[in-house]
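Asker: Right, I'll just put the structure down here and ask away after.
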Amino acid sequence: MLVAANLAAAPAVNIEQRIDALLKRMTIEEKLGQMSQSTSLATPLSDEIKQQIRQGRWGSFLNTGNAADRMEAQRIALQESRLGIPLIFGRDVIHGYRIVVPIPLGESASWDADLISRAAREAALAATADGIQWTFAPMIDIARDPRWGRIAESLGEDPHVASVLGAAMVRGFQGESLDRADSLAACAKHYAGYGAAEGGRDYNSAWIPEILLRDVYLRPFRAARDTGVATFMTAFNTLNAVPATGNGFLLRDILRNEWKFDGMVVSDYDAIAELTAHGYTSDARDAARKALLAGVDMEMVSTAYFDWVKSLLQAQLVTMKDVDGAVRNILRLKFRLGLFDGRPAAAKPSDAQALDTAGRLATESVVLLKNSNGLLPLKKTIGKLAVIGPLADSRTDQMGTWSMDGDAREVRTPLAALREMLGSDRVLYAPALKSAIDASTAEFPRALRLAHESDAVVLFLGEAATMSGEARSRAFLNLPGAQEELVERLASAGKPMIAVIMAGRPLAFHRSAEKLDAILYAWHPGTMGGPAIAHLLFGDSAPSGKLTVTFPRSVGQVPIYYAHLSTGRPPGANDLGVPMGTRENPQDYTSRYIDLDFTPEYPFGYGLSYTTFEYSATRVSAPALTSAGSVTISAQVADTGHRDADEVVQLYVSGPVGGSVARPVRELKGFKRVHLKAGQRQMVEFSIRRADLAYYNSRMEFSAEPGNYRAWIAPDSARGTSVEFTVGN
Ligand code: BGC
């Protein structure tokens, strides 16, 4: 386990003694300097910043400077500051570095923990070679609202998926041991509840009852902590009326006391200053006090600690013990990373490996949503292919939300890849719209003409990279600009029509979908998205991605997620419509909409392939689970089509019935990506122990209450057959 390896690499006792010795020698200014993180390193280093580093004014810099600046700044800190305390350089290395992999929501649709871990490792190799030692990833906020722009950066709606894949990212970023030159300290963010922003509006308040907080929102954070994540970042939002950045319940009671986390906690950008905007503190001094007492070690960007903690000490509103506790956590991180011991920058890796991983991850993240009459894959013998749409050839949009280090020159677009594959003269290209939000239809006639001249149309639709991510919430989930009209117009050509949708969130595009014969949902697929999509379109690879977030039919259904509780009046399949002029029918009184089907457009876990898979009935190895034992849940999965492909097999559980609380209709408990050859069958098994079934009960105890449980092995959250088993006292 990573934790053990880290501790072994840097003996804990020795580190604590070295910290004790330093704390004795540090002035209060030096301590507050350690607690301060700045964005203003600037290139080239000014005399002023050099002097500040000598004086120990900063403990860390984020998202600033180039590799040479960082090296020089570190040299000054180590050699010319009074105590030789190193700096730590942080950066948002979120989905790749110079070579960009799909946005995290896309990565998660691969359900491939090993590949995701490898992508994080490669980003770490590239970033550490540039003198970066800390990334602000993974973001493991549960996101159940596609209006929220940061759903792009999340691993979706499910705590099990976010736990497993978030932990894979932590392992990838940090590598074998934190003190290695190529280890990038990870950061579990944003702690906590950020994804539950009311109305899907970024930074907005979150109200999460403790039972839901612990069962769903905190679970991936606990998993990150158990994997040995080096740091946590506090969230911007209020959680149950207390800002997360001044929240002692989250930071002291849970993170430190319950979970025994001994890494470092950083605030989010300016979040300590913003405590006053929340109305939680009266001014910056009060904000410094509340954040420090709550347990925030390092302040990102705002300067409340440096400006006010001295005065708070004088007034005895905080103690030196509080300050030393924060500084200790910061220094411990720096020791663990080997920064005191002159850790070198890592060697620059070659791009080949990163490009390969980016291509594989882009391929595995694409979800086939629709494929009428097996239109896809297309045949390479096709005559002419019309490639239309604003995202067919947009290098920057393809890279997605967090790609500040992404090198646009490396990006291979679908247009380029298709031209390479088919030859330029067989690809007829018209962007039709200047950008994703372009509302002008002026170029449509040309696009329509090309559609008429071609044998099939591939439309590249979706969102610009800047439409998702931080502060990019949307009130509508439609295809933006005139894209839906474009679909409508091109449909009149009567040619087979395929859409590849690149977006940072689930979109709701029901009417367009009806006009399309096939839909590949590609998220923002990163540097290698173009070739990955071209190969999928023409069957060199088969789609295997599955949704990690529910797609609504309309924004009016939001929030909609698969692991909901049952109502007392669950709707039936055809419950829809208003009884006009007829007597009221008691059967209408169900939990439905009168104007829209209550089910999602595409359920969580859903995704098609170019072959078909059949699942046998789910089986259980024993009727009862004893406290020490386990049961095996199994099903046979068969590739009943004509080609080899991967299938993501999912295990869901519900229950118990009759416990102290009502339980979700289903919860994901496991998944496996299996590779099957055409015609092959495979037994897929999952073992369940009692601990795997644990949840928070009405007394806020974490355990699996006795009773009847149900398990499904299924291709998605809406299908599959179930078996029952009991858990005794
Ligand atoms: C974001 C964080 C990010 C930080 C530093 C903030 O605005 O919420 O996720 O790590 O900026 O760029």
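Asker: Go through (1) under 23 Å from residue 129 (Cα atoms); (2) in a loop (DSSP other than H, G, I, E, B); (3) within 16 Å of the ligand (Cβ to nearest atom); (4) of a type outside the set (S, T, N, Q) and name the single condition residue 170 misses.
Answerer: Result: residue 170 passes all but (2).
Asker: Determine which member of the set 65, 59 is modelled with pLDDT under 95 and closer than 20 Å to residue 93 by Cβ.
Answerer: 65
Asker: Right, something else. When residue 251 is evaluated against the numbered criteria (1) assigned to a loop (DSSP other than H, G, I, E, B); (2) crowded, with 24+ Cβ neighbours inside 10 Å; (3) away from the ligand (no atom under 16 Å from the Cβ), which criterion, by number, is the only one it fails?
Answerer: In the conditions (1) assigned to a loop (DSSP other than H, G, I, E, B); (2) crowded, with 24+ Cβ neighbours inside 10 Å; (3) away from the ligand (no atom under 16 Å from the Cβ), residue 251 misses (1) alone.
Asker: Among the numbered criteria (1) under 32 Å from the mean Cα position of the chain (by Cα); (2) over 23 Å from residue 93 (Cβ atoms); (3) assigned to a loop (DSSP other than H, G, I, E, B), which single criterion is violated by residue 382?
Answerer: Result: residue 382 passes all but (1).
Asker: Please specify each residue of the stretch 454-474 satisfying the condition of being of a type in the set (Gly, Ala, Ser), out of contact with any Ser or Thr (no Cβ under 7 Å at 6 or more places or on another chain) and either within 16 Å of the ligand (Cβ to nearest atom) or within 22 Å of residue 532 (Cα to Cα) (or both).
Answerer: 456, 462, 471, 473, listed by residue number.
Asker: Now for a separate question. Report, by residue number, each residue of the stretch 597-634 that is part of a loop (DSSP other than H, G, I, E, B), among the aliphatic types (A, V, I, L, M) and modelled with pLDDT of 95 or more.
Answerer: Correct list: 617, 622.
Asker: Determine which member of the set 124, 143 is within 22 Å of residue 404 (Cβ to Cβ), crowded, with 24+ Cβ neighbours inside 10 Å and within 14 Å of the ligand (Cβ to nearest atom).
Answerer: Among 124, 143, only 143 is within 22 Å of residue 404 (Cβ to Cβ), crowded, with 24+ Cβ neighbours inside 10 Å and within 14 Å of the ligand (Cβ to nearest atom).
Asker: Something else: Can you tell me which condition residue 363 does not meet? The list is (1) surrounded by fewer than 20 Cβ atoms within 10 Å (Cβ to Cβ); (2) within 25 Å of the chain's Cα centre (by Cα); (3) under 17 Å from residue 539 (Cβ atoms), and all the others hold.
Answerer: Residue 363 satisfies every listed condition except (1).
Asker: How many residues does the stretch 69-116 contain that are part of a helix (DSSP H, G or I) and in contact (Cβ under 8 Å) with a residue 24 or more places away in the chain?
Answerer: 19
Asker: Which residue is nearest to residue 206 (Cα to Cα), if the candidates are limited to the stretch 223-241 and must be in a loop (DSSP other than H, G, I, E, B) and either among the aromatic types (Phe, Trp, Tyr) or within 15 Å of the ligand (Cβ to nearest atom) (or both)?
Answerer: Filtering first and then ranking leaves 237.
Asker: Identify all residues within the stretch 597-643 that are among the hydrophobic types (A, V, I, L, M, F, W, C) and in contact with a helix residue (DSSP H, G or I) (Cβ under 7 Å, 6 or more places away or on another chain); write none if there are none.
Answerer: Within the stretch 597-643, 625 is the sole residue that qualifies.
Asker: Shifting gears a bit: Just to confirm my filter: which helices (runs of 4 or more DSSP H) fall fully inside the stretch 269-374 and include at least 3 residues that are away from the ligand (no atom under 16 Å from the Cβ) and more than 30 Å from residue 535 (Cβ to Cβ)?
Answerer: Counting at least 3 such residues, we get 284-294, 304-314, 320-336.
Asker: A further question follows. Search the stretch 299-331 for residues being touching a strand residue (DSSP E or B) at 6+ places or on another chain (Cβ under 7 Å) and closer than 21 Å to residue 12 by Cα, and hand back the single one that is surrounded by the fewest Cβ atoms within 10 Å (Cβ to Cβ).
Answerer: 329
Asker: Which of the numbered conditions does residue 99 fail, given that it passes all the others? Conditions: (1) within 16 Å of the ligand (Cβ to nearest atom); (2) buried (at least 24 other Cβ atoms within 10 Å of the Cβ); (3) more than 16 Å from residue 48 (Cα to Cα).
Answerer: Of the numbered conditions (1) within 16 Å of the ligand (Cβ to nearest atom); (2) buried (at least 24 other Cβ atoms within 10 Å of the Cβ); (3) more than 16 Å from residue 48 (Cα to Cα), the odd one out for residue 99 is (1).
The values are calculated or read from the model by the stated rules, or taken from the named source; none is laboratory data. Owing to the predicted nature of the structure, the values given are computational and were not obtained by experimental measurement. Neighbour counts run over all protein chains shown; Cβ positions are idealised from the backbone, glycine included.
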